[in-house]
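Visitor: I am attaching a structure below and will ask some questions about it afterwards.
The values are calculated or read from the model by the stated rules, or taken from the named source; none is laboratory data. Predicted model, so just to flag it, every value in this text is computed and none were measured. Here the Cβ is made from the backbone with ideal geometry for all residues, glycine too, and neighbour counts use every protein chain on show.
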Amino acid sequence: MAKRTGVGWLLLKSALYGLTGFVLVPAVLFLLVLGLAYAFDPRCGSPDASGCGSGAGAIALASAVPAFALCFLVSVAVAFARQRRGEPDFAAVLDRTVPAETSGLTQRNDGTAPPA
């Protein structure tokens, strides 16, 4: 299968990561805030407490768009970092011959020439 490269694939993959963040981050925040509200507020869980669930829902709704943007931008940044780093050249790694200029025999650490 051909390697998927290009701006179109980058945007599609980033949009999918953004949509994943759009769904998962608000759900996790809703459960976290609701759990903390039930753990630390004795009024939550009683029949007259209506603010616990609505506060958790408001936080979840408010976090949806920033979560999409954050996951999208992180995905784009990771893709650019991978592209900048480039593909590893395994032929250079497997080649055991060491050039003289990188073998350390041409100069010492203090910058002077090695003794003859």
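Visitor: I need the full set of residues from the range 20-49 which are closer than 24 Å to residue 67 by Cβ, modelled with pLDDT under 90 and touching a Cys at 6+ places or on another chain (Cβ under 6 Å), in order please.
Guide: 37, 38 - these are the residues of the range 20-49 that are closer than 24 Å to residue 67 by Cβ, modelled with pLDDT under 90 and touching a Cys at 6+ places or on another chain (Cβ under 6 Å).
Visitor: Within the range 3-56, take every residue that is in a helix (DSSP H, G or I) and of a type in the set (Val, Ile, Thr) and give me the one that is surrounded by the fewest Cβ atoms within 10 Å (Cβ to Cβ).
Guide: Keep residues of the range 3-56 that are in a helix (DSSP H, G or I), which gives 7-40, 51-56.
Next, from what is left, pick out any that are of a type in the set (Val, Ile, Thr): 7, 20, 23, 25, 28, 33.
Numbers: 7: 7, 20: 14, 23: 13, 25: 18, 28: 13, 33: 19.
My answer is 7.
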